[in-house]
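Enquirer: Quick one: the structure is below, and I'll ask about it shortly.
Read the figures in this text as sums done on the coordinates, not as results from a lab. Keep in mind the model is a prediction, meaning the values are calculated, not measured. Cβ: placed from backbone, ideal geometry, glycine included. Neighbour counts: every protein chain shown.
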Amino acid sequence: MRHIAIVGSGPAGYYTAEAAVKQWGDQVRVDILDALPVPFGLIRSGVAPDHQSIKDVSHRYELTALADNVRFIGNVMLGRDVSIADLEQLYDAVILATGAPEDRALDLPGERLGNVFGSAAFVGWYNGHPKFSALAPGFASDTAVIVGNGNVALDVARMLARSPAELVGSDIATHALAPLSASHIRRVVILGRRGPCQIAMSPRELGELTELSRAVPRVDAADLPAADAQAGLDTTHRKALAQLGSFAAAARESGPDDVSIEFHFHAAPRALLGTDVVEGVEVERMALVDGEAVGTGETYRIRAGLVVSCIGYRTSAIAGVPYDEAGGRFANEAGRIGDGLYCVGWARRGPTGTIGTNRPDGFSVIEKVAADIGAGAGKDGRAGFDALARQRGIDYVTFADWQKIDQAEIANARSGAPREKFTEVETMLAAASRD
Ligand SMILES: Cc1cc2nc3c(=O)[nH]c(=O)nc-3n(C[C@H](O)[C@H](O)[C@H](O)COP(=O)(O)OP(=O)(O)OC[C@H]3O[C@@H](n4cnc5c(N)ncnc54)[C@H](O)[C@@H]3O)c2cc1C
């Protein structure tokens, strides 16, 4: 028998468990630990609340979770409740699927002013992640600046631009629905250091902006490359450029309730301005030299009372695990960290790719585990974990407990919404123990 611990129950964790079950059938026992009492990682707390069909991928993970030889062990945090050494003693392989939950810093003057947030915090807030439920961003200003040119920037822009009627049917946390519904923001500026040919925004997410009742996307046609400069681009980038071109052609006057979404390319923030709460952003115009953004020295200011940086994430370091500071993830070679210790998903490769990208990751790490551990070394596995949990007074949450939380969230939903998430660990635990 092989005993495997997977730490993290997001896409990477569940695809890896699926791969383990495919590899060994009933000759493996898999325990999936998560710091939260609820599973599925960023499917629950990252993917935008208005993208419910994407969140449906969790049903696939449920099939794996319900296999006899796979357990969910929620509310157990590696580094707080158990250590790497504990897990290595009990399991033949320990696979870290802990994602990249920390915001990359902007490293700019004024970054600590009020109403300046990283996207992990801001997105976690509207998605009801317990760590960020008390964030309380303000929406009294008429302008917000978003830093970054990826899909997370577009998610945030959409959430700022949707009308109250367009938000109410999503699973946005009610603590975010009320302030966003009363928001005064009517101008959202998205800053990208490089140009439209370098964006990481998908054409589909760009196109979604045209479906919002009050969003007016604005692109300066002068920023768009001539047709012959697009020759070397892949299809995705060409489609994205076509979408930006249609924004440039179709922009209309904004009405009082409209929210204009301005794309500022070749524009890097240099300082966040203000004394207590942010009041503006100083921006430097950039030029592209050999594909890299280089400052021109020319600056301009945007008056803004909310700033959200969407510039990427870092994996949280864990005592005893080698860390790659430059990459912001665990130091690893194709998923292998050291003897019996592996990583997958964002913890392995950084915050790139789609949900589906984590599946081949999971399958490839299980191939390595299979080559390394043979038939298993007769470790104690889950029986040993349960003994340790009893000894330390760790009262973990099972998948059946999560199903109770799930049912309670669905029962508590606002009219038209799929669920009302519990946003505190205590209320999650209370729902789990309800009869
Ligand atoms: C805002 C946002 C929106 C996105 N939208 C989309 C989208 O629409 N479509 C798409 O394809 N992709 C999207 N993605 C990308 C997708 O979410 C990721 O590819 C995927 O979630 C990465 O999976 P993961 O399992 O590596 O990490 P995660 O999903 O982050 O899962 C990590 C898990 O580990 C747990 N954990 C962390 N530390 C510990 C610890 N010390 N002990 C125990 N447990 C721990 C966490 O609680 C979490 O459950 C989005 C990402 C973000 C940030």
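Enquirer: Which Cα, out of P322, I355, Q89, lies furthest along the positive dipole direction of the chain (beta carbon charges, K/R +1, D/E -1)?
Expert: In the chain, that residue is I355.
Enquirer: Which net charge results when you count Lys and Arg as +1 and Asp and Glu as -1 among the other residues whose beta-carbon is under 12 Å from that of P109?
Expert: Details: positive: R112, R270; negative: D107, E111, E282.
Neighbourhood net charge equals -1.
Enquirer: The chain: D in µm²/s via Stokes-Einstein (Kirkwood Rh, Cα pairs, 10 °C, 1.306 mPa s)?
Expert: 69
Enquirer: About the Cα centre of the chain, what is the dipole size in debye to 20, counting +1 per Lys and Arg Cβ and -1 per Asp and Glu Cβ, all else neutral?
Expert: On the way: 43 positive and 55 negative charges, 51 e Å.
Value, rounded to 20: 240 debye.
Enquirer: Let's test the formula: R0 of 30 Å, r as the Cβ-Cβ distance of V57 and A411. What FRET efficiency results, to the nearest 0.05?
Expert: 0.85
Enquirer: Pick out which of Y15, Y300, Y61 has the largest mean-square fluctuation in a Gaussian network model of the chain, springs linking Cα atoms closer than 10 Å.
Expert: Y300
Enquirer: Roughly how big is segment 274-423's charge dipole about its Cα centre, with Cβ charges of +1 (Lys, Arg) and -1 (Asp, Glu), in debye to the nearest 20?
Expert: On the way: 18 positive and 21 negative charges, 106 e Å.
Here segment 274-423 has a charge dipole of around 520 debye.
Enquirer: So what is the calculated 222 nm ellipticity per residue for the chain, using -39500 (n - 2.57) for each DSSP H run with n of 4 or more, over all residues, to the nearest 500 deg cm²/dmol?
Expert: Mean residue ellipticity at 222 nm (helix-derived): -9500 deg cm²/dmol.
Enquirer: Can you compute the FRET efficiency between D276 and T357 using 1/(1 + (r/R0)^6), with r the Cβ-Cβ distance and R0 = 45 Å? Round to the nearest 0.05.
Expert: Values: r = 41 Å, r/R0 = 0.91.
E between D276 and T357, to the nearest 0.05, is 0.65.
Enquirer: P(r) for segment 1-44: what percent of alpha-carbon pairs falls in each 5 Å bin, starting at zero?
Expert: Here the calculated profile for segment 1-44 is 6, 25, 30, 20, 12, 7, 0.
Enquirer: On a full-extension model of 0.36 nm per residue, what is the gain between E424 and R80, subtracting their alpha-carbon distance, rounded to one decimal in nm?
Expert: Length gained, E424 through R80: 122.0 nm.
Enquirer: Can you tell me the length gained on complete extension of the stretch R204 to A178, counting 0.36 nm per residue apart and subtracting the Cα distance? Don't jump to the answer; show the numbers that get you there.
Expert: Working: separation 26, 0.36 × 26 = 9.36 nm, distance 2.78 nm.
Additional length available on full extension: 6.6 nm.
Enquirer: Along the positive direction of the dipole of the chain (beta-carbon charges: Lys, Arg +1; Asp, Glu -1; about the Cα centre), which of A431, W125, V259 reaches farthest?
Expert: Going by the charge dipole, the pick is V259.
Enquirer: Give me the distance in nm between label points sitting 7 Å out from Cα along the Cα-to-Cβ direction at E253 and R390, one decimal.
Expert: 7.6
Enquirer: Two decimals is fine: what's Rg over Rh for segment 104-309, C-alpha atoms, Kirkwood radius as Rh?
Expert: 0.95
Enquirer: Relative to the present Cα-Cα distance, how much length would full extension add between Q89 and K368 at 0.36 nm per residue of separation? Each step should come with its number before you reach the end.
Expert: Working: separation 279, 0.36 × 279 = 100.44 nm, distance 1.94 nm.
Gain in length upon complete extension: 98.5 nm.
Enquirer: Order these by the 10 Å Cβ neighbour count, fewest first: L429, L96, L154.
Expert: With the fewest neighbours first, L429, L96, L154 line up as L429, L154, L96.
Enquirer: Return the single residue from K421, K239, K55 with maximal mean-square fluctuation; model: Gaussian network over the chain, springs between Cα atoms under 10 Å.
Expert: Greatest mean-square fluctuation among the candidates belongs to K239.
Enquirer: Hey, another quick one. Charges at C-beta only: +1 for Lys and Arg, -1 for Asp and Glu. How large is the resulting dipole of segment 104-309 about its Cα centre, in Debye rounded to 20? Before the final figure, lay out each step's value.
Expert: Values: 19 positive and 24 negative charges, 42 e Å.
So the dipole magnitude of segment 104-309 works out to roughly 200 debye.
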